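The values are calculated or read from the model by the stated rules, or taken from the named source; none is laboratory data. As the structure is a prediction and not an experimental result, all values here were calculated from the model. Cβ placement follows ideal geometry from the backbone for every residue including glycine, while neighbour counts extend to all protein chains displayed.
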């Protein structure tokens, strides 16, 4: 069977103040009229989509919509939910004047149970058939694990196996590939291990559950071949997850920048469904904000979430903690013990001022020299604290395989030094301190009492010694003293460390636990793979923050100019 050219070539591109497409307007009206509960991001998305159609000359390929709709007869769900039609039509059936897709990247973040794998399966099936009309439009479904990558692929294979006599005339398939005879297009699944793969010549690359992705490397490798086939696309479809400062957080930040009008969309369709705040979980009518399929699903599914909610509400830390993160799209963390909220960590990540010449104190933390070493400079201006961090990580650390963060990317940012040696030589740290002394006035140093001997001679050479009071030895009881101060700084937004994902990670890996006399102390959440060194260096610096001269105490003299 011969393939036909893209259907969009027969339609005229035009601007639309009124969008006459029920698959698009149906969902827009549900959100805009409040007939469904939707989050603020969805409301912003509706306004954004209407603006795009009003200002740009676009094609809505209704023939393609009709052709894809006929393919639903082969799927067990037989119909798409309104939000799925909305996403599918915008992503697959709307084109620019030049014939290219208006949105060639889809970022779709929805609560677990919304049916994302069904959408991936249907989308993939449509694009390899003659209804798409593009030969060799291969689809790669990618995930961090084989089990996850196979889900949507297996959904299609089950359909083909269910009516083998019918489908063998138009498809060839086995356990790893599904090939459309009419277009020569292939659906296959791929997993992590980017170094062993190249991008190939895909038409669509789908990344399923990117909340498990720490680095962009796999995505970058598997999308290098996009553009070699007409109408090539990339989709990221996921629920939320527990890994912070990975791919998903970047995706969400990009979506917010587009929806807030801060950045051009660059072909990205930002579809994000979450609760607007954690408190909304206590009203089950809000749950469809995160799962727009919820009102269309069987009652037993709603009952399942109710059971999960009751278990979570009784014990948020241990009773099905994934309810908030996976179902509701609000990263929970360890709410019972976390240092502070994700929101406060992001507030701390705003830009640092120029701190040149300012007085500060230095906090150091080292567990083992063959593992990680961290340093934090802490500045004070009124109630505000500014922090500059740097860490060193030994590539021969026994914990390296357990660490699930992009250390190489952080190295490129200049916030961490990767040491390819048997241990982190103290000279690397003291050289950094020496350079810092040239830019800032480091008045004293604080570090763990039991680790002082590791660096005491080098610190003495730099002018810091416990004997003269310029080195303070931190003990566990000191954590109890600074915990309320650090907590207040986070709560009030009075701590800033710049764009430093490592500090967010260190802090997110630390918990507070009850201690004697109603106080709290800091501990690691997990002893090996989730490092805390940067946060403990910060805590050490806070212990001696009272030694930082107030800005008002400093006197600046006008420069003397000699003729």
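Things worth noting here:
- Residue match in segment 158-173 (condition: in contact (Cβ under 8 Å) with a residue 12 or more places away in the chain, buried (at least 19 other Cβ atoms within 10 Å of the Cβ) and within 30 Å of residue 408 (Cα to Cα)): no
- Qualifying residue in segment 490-497 (condition: touching a helix residue (DSSP H, G or I) at 6+ places or on another chain (Cβ under 7 Å) and surrounded by 21 or more Cβ atoms within 10 Å (Cβ to Cβ)): yes
- Residues in segment 345-386 that are farther than 24 Å from residue 444 by Cβ and crowded, with 19+ Cβ neighbours inside 10 Å: 345, 371.
- Test: residue 214 is within 17 Å of residue 247 (Cβ to Cβ), surrounded by 18 or more Cβ atoms within 10 Å (Cβ to Cβ) and touching a strand residue (DSSP E or B) at 6+ places or on another chain (Cβ under 8 Å): no
- Yes/no for residue 52 being surrounded by 14 or more Cβ atoms within 10 Å (Cβ to Cβ), modelled with pLDDT of 95 or more and within 30 Å of residue 130 (Cβ to Cβ): yes
- For segment 410-420, the set of residues classified as part of a loop (DSSP other than H, G, I, E, B) and surrounded by 15 or more Cβ atoms within 10 Å (Cβ to Cβ) consists of 415 only.
- In segment 217-228, of all residues being part of a loop (DSSP other than H, G, I, E, B) and surrounded by fewer than 19 Cβ atoms within 10 Å (Cβ to Cβ), the one that is modelled with the lowest pLDDT corresponds to 225.
- Counting only residues that are part of a helix (DSSP H, G or I) and touching a residue at least 12 places away in the same chain (Cβ under 8 Å), segment 250-264 holds 8 of them.
- Taken residue by residue, segment 458-475 has no member that is closer than 30 Å to residue 214 by Cβ and either crowded, with 18+ Cβ neighbours inside 10 Å or in contact with a strand residue (DSSP E or B) (Cβ under 9 Å, 6 or more places away or on another chain) (or both).
- Segment 324-335, subset touching a residue at least 24 places away in the same chain (Cβ under 8 Å) and closer than 19 Å to residue 483 by Cα, residue surrounded by the fewest Cβ atoms within 10 Å (Cβ to Cβ): 334
- Residue 213 vs. criteria within 26 Å of residue 80 (Cβ to Cβ) and either modelled with pLDDT of 90 or more or under 26 Å from the mean Cα position of the chain (by Cα) (or both): no
- Output for segment 434-444, where each listed residue is more than 15 Å from residue 387 (Cβ to Cβ) and in a helix (DSSP H, G or I): 434, 435, 437, 438
Quick grid of which residues meet (1) farther than 24 Å from residue 529 by Cα; (2) in a strand (DSSP E or B):
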| residue | (1), (2) |
| --- | --- |
| 391 | no, yes |
| 397 | no, no |
| 401 | no, no |
| 408 | no, no |
| 422 | no, no |
| 446 | yes, yes |
| 458 | yes, no |
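- Which listed residue, of 527, 559, is assigned by TED's automatic domain parsing to the domain that holds residue 387, outside any strand (DSSP E or B) and either surrounded by 16 or more Cβ atoms within 10 Å (Cβ to Cβ) or at pLDDT below 90 (or both): 527
- For segment 260-288, a residue qualifies if it is touching a strand residue (DSSP E or B) at 6+ places or on another chain (Cβ under 6 Å) and surrounded by 17 or more Cβ atoms within 10 Å (Cβ to Cβ), and the qualifying residues are 268, 269, 270, 271, 272.
- Candidate set: segment 26-45, residues that are free of Cβ contacts under 8 Å to residues at least 24 places away in the same chain and surrounded by fewer than 18 Cβ atoms within 10 Å (Cβ to Cβ); chosen: the one nearest to residue 59 (Cα to Cα): 29
- The set of residues from segment 289-301 being surrounded by fewer than 22 Cβ atoms within 10 Å (Cβ to Cβ) and in contact (Cβ under 8 Å) with a residue 24 or more places away in the chain comprises 295, 296, 297, 301.
- Only one of the numbered conditions (1) crowded, with 19+ Cβ neighbours inside 10 Å; (2) without any contact (Cβ under 8 Å) to a residue 24 or more places away in the chain is not met by residue 176, and that is (1).
- Filter result for residue 183 (more than 30 Å from residue 291 (Cβ to Cβ), modelled with pLDDT of 90 or more, in the same structural domain as residue 115 (by TED's automatic domain parsing) and buried (at least 20 other Cβ atoms within 10 Å of the Cβ)): yes
- Within segment 506-521, residues that are assigned by TED's automatic domain parsing to the domain that holds residue 533 and surrounded by fewer than 16 Cβ atoms within 10 Å (Cβ to Cβ) have Cβ atoms under 8 Å from residues that are in a strand (DSSP E or B) and modelled with pLDDT under 80 in these pairs: 513/520; 514/520, counting only partners at least 6 apart in sequence or on another chain.
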